[in-house]
Number of protein chains: 2
Amino acid sequence: MSAEVDEVEVLTSSDDDYGGVIVHINLPIDSTTFLSILRSSISNWKHQGKKGVWIKLPIHLANLVETLIKEGFWYHHAEPKYLMLVHWISDSPNTIPANATHRVGVGALVVNEKREVLAVQEKTGHFQGTGSWKFPTGVADQGEDICAAAVREVKEETGVDAEFVEVLAFRQSHMSFFDKSDLFFVCLLRPVSFDIQIQEIEIEAAKWMPFDEYAAQPFMEKYEIMRYINEIYLAKIDGHYSGFTPVATKSNFSNQKNNYFYLNAGGLKRCNSV
Amino acid sequence: MSAEVDEVEVLTSSDDDYGGVIVHINLPIDSTTFLSILRSSISNWKHQGKKGVWIKLPIHLANLVETLIKEGFWYHHAEPKYLMLVHWISDSPNTIPANATHRVGVGALVVNEKREVLAVQEKTGHFQGTGSWKFPTGVADQGEDICAAAVREVKEETGVDAEFVEVLAFRQSHMSFFDKSDLFFVCLLRPVSFDIQIQEIEIEAAKWMPFDEYAAQPFMEKYEIMRYINEIYLAKIDGHYSGFTPVATKSNFSNQKNNYFYLNAGGLKRCNSV
């Protein structure tokens, strides 16, 4: 038995978990050839009942962006080295997931047994040149846990090793860079080394500073959140304040590493009985 | 006095707060003309000592992406209708801020005075068709506060009006969509209306369900976090558990609306004395 068949080139794709396909392109291709293959591929995916089509386009294939947009794709997200485009080819309602909206910042309150705060002066940013001493802060890397980011920032900026204790509080702010938002987690850490070695690029100076002197700095008056944090610390050492501690929990949806669940462990029986 | 001068066209730009410039382009332009203007502009900005150049390119100008990449720009972030490109034109170290890394999800535990949980069955997603009753969940919109998102999701999915009480706990998970991470905030809400009207697109059914029956569902066994949340709720009604409540604080860095700072208010003297 034989039949006359045409073979058409289509883009190699893998299925996602939501009835869609993901295409990774890497080899250079001219936009005219690409357009023809793209159209065959879309026709093929429609025939298969696929819904969303994701194309991860590396930056060296920027020549294909215009073609994809003209064919109905739009931007989903981008990172320095790639652009993720998406197209909903089904008649069913569009269920494309939202893009990331938040950056995660951490601030680390590191206090030693003499009630001295690990304080830094920054070379850049809002407090530059003001003589203000503040706790180390930074931005969590992609994929980094909040508790790990706090420990890393303290080590990088001051050379001090510290253990994560808890999240004391957090602030959500909007429009902090372009249209995006920030979640800033104020963390309490316990130092396990004490010698200071500053990171020369970002940090002007660092020192252990008596808490009362730290908290009495004039700039605190202007920053309601800084005053809250000072009150929280005083309530903490008086034993009245509980923040959220991370507990490792299994991820049920993939074979990724454990996730941290942050909760007030002191309020839970099972955590207290440990 | 006269001099022979050439006028060159440059892109209209505004300064950012970090020694860079932001360019908004909107009118259609062919890529050859654009390249010439872009080169004059960059030369001009370099001369002025500018550092970062941001170009916000609406999707209808996708014809210019390739030109920008060839001139040394790279992707910073993208939203459905625009692509943000950036280029560091200074010799000083690159201080381009990181892109957003996290999506913010909320789960709303709404319990009435009869200790009944507002529970839903979803039409899509992981629990579809399993008969599992869970609390309403959703994703915070761009610029939306966590406390507002929880109230909105409950209203949208069930028609129930509720007041935000506190964040009971939160989970950070990675690689949850492409390379991006999730922060999922478990919130306690107090219902102020009780009639249920479900949102037909997402929700199969909703009801007030006795807490013990809700917590005894077999699927809970598989989800460590769900068991933690049940324990937290029981500790809460016993008066042993404190989460984080939002307090409105002034933003010092811009004329934007207030930010919420989430903290264990019960542990702070000033909050208790109110």
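Bear in mind that the values in this text are calculations on the coordinates, not laboratory data. Here the structure is a predicted model, which is why all the values come from computation and not from measurement. Ideal geometry is used to build each Cβ from the backbone, glycine not excepted, and the neighbour counts take in all protein chains shown.
Pull up all non-local amide H partners of A:Q197: gap of 5 or more, or a different chain, and H-to-H distance under 5 Å with H placed in the peptide plane.
A:G159, A:V160
Using the Karplus equation 6.51 cos²θ - 1.76 cosθ + 1.60 (θ = phi - 60°), what ³J(HN,Hα) coupling, rounded to whole Hz, does each residue of the range B:206-219 give in order, writing x for Gly and Pro?
Karplus-based 3J(HN,Hα) across the range B:206-219 equals 8, 7, 8, 10, x, 4, 4, 5, 4, 6, 8, 4, x, 5 Hz.
Which ³J(HN,Hα) values, rounded to whole Hz and listed in residue order, are derived for the range A:11-20 from phi using the Karplus coefficients 6.51, -1.76 and 1.60 in 6.51 cos²θ - 1.76 cosθ + 1.60 with θ = phi - 60°, glycine and proline given as x?
6, 6, 9, 10, 7, 9, 7, 10, x, x
Taking the Cα atoms of the range B:179-244, report the difference between the largest and smallest coordinate on each principal axis, in whole Å and largest first.
Between the extreme Cα coordinates on each principal axis of the range B:179-244 lie 39, 35, 28 Å.
Taking amide hydrogens as modeled 1.01 Å from N in the peptide plane, which residues meet the under 5 Å criterion relative to B:I203, leaving out close sequence neighbours?
So B:I203 has HN proximity to B:K123.
May I ask for the distance between the Cα centers of the range A:234-250 and the range A:109-124, given as a whole number of Å?
19 Å
In the range B:93-133, which residues have a backbone nitrogen under 14 Å from the label point lying 7 Å from B:F177's Cα in the Cα-to-Cβ direction?
Within reach of a label on B:F177: B:100-106, B:125-126.
For chain B, what are Rg and Dmax over the alpha carbons, in angstrom?
25.7, 91
Given B:S13, A:L11, B:F244, which one lies farthest toward the positive end of the charge dipole of the protein assembly as shown, if we put +1 on the Cβ of every Lys and Arg and -1 on the Cβ of every Asp and Glu?
Among B:S13, A:L11, B:F244, the one farthest towards the positive end of the dipole of the protein assembly as shown is B:F244.
Determine, from the Cβ-Cβ distance of A:E9 and B:S36 and an R0 of 35 Å, the FRET efficiency 1/(1 + (r/R0)^6), rounded to the nearest 0.05.
The value I calculate is 0.40.
Using R₀ = 45 Å, calculate the FRET efficiency as 1/(1 + (r/R₀)^6) where r is the Cβ-Cβ separation of B:E200 and A:V192; round to 0.05. Please list the in-between numbers first.
On the way: r = 56 Å, r/R0 = 1.24.
It comes out at approximately 0.20.
Would you kindly work out, in nm and rounded to one decimal, the distances from the label point of A:G19 to those of the same position in each other copy, ordered shortest first, with label points 7 Å along Cα-to-Cβ?
5.2
May I ask you to evaluate 6.51 cos²θ - 1.76 cosθ + 1.60, the Karplus curve with θ = phi - 60°, for each residue of the range A:198-205 and list the ³J(HN,Hα) values in order in whole Hz, giving x for glycine and proline?
7, 8, 5, 5, 9, 10, 7, 7
Among A:N230, A:L38, B:H87, pick out the residue whose Cα is farthest towards the positive end of the charge dipole of the protein assembly as shown, where Lys and Arg carry +1 and Asp and Glu carry -1 on C-beta, about the Cα centre.
A:N230
Using +1 on the beta carbon of Lys and Arg, -1 on that of Asp and Glu, and nothing else charged, what's the dipole of the range A:138-246 about the Cα centre, debye to 20?
300 debye
Can you compute the FRET efficiency between A:I89 and A:M209 using 1/(1 + (r/R0)^6), with r the Cβ-Cβ distance and R0 = 51 Å? Round to the nearest 0.05.
For R0 = 51 Å, the calculated efficiency reads 0.25.
Looking only at other chains, what is the average number of their beta-carbon atoms within 10 angstrom of each beta-carbon in A:92-101?
Averaged over the peptide's residues, the number is 6.
Once all Cα-Cα distances of the protein assembly as shown are split into 20 Å bins that start at 0, what whole-number percent is in each one?
19, 47, 30, 4, 0
Amide H to amide H, which residues 5 or more places from A:H77 or on other chains are under 5 Å from it, using H placed in the peptide plane?
Residues meeting the criterion, in which the H sits 1.01 Å from N, are A:M84.
Where the only charges are on Cβ atoms (+1 Lys, Arg; -1 Asp, Glu), what is the dipole of the range B:185-236 about its Cα centre, to the nearest 20 debye? Intermediate results must be reported in sequence, preceding the final value.
Numbers: 5 positive and 9 negative charges, 51 e Å.
So the dipole magnitude of the range B:185-236 works out to roughly 240 debye.
Just to be sure I understand the rule: take each whole DSSP H helix in chain B, project its Cα atoms onto its long axis, keep it if the span is 15 Å or more and its mean Kyte-Doolittle hydropathy is at least 0.0. Which ones pass?
Qualifying helices: B:146-158, B:224-237.
Give the order of A:R152, B:R171 when sorted by the count of other beta carbons within 10 angstrom, beginning with the fewest.
The fewest-first ordering by Cβ neighbours comes to A:R152, B:R171.
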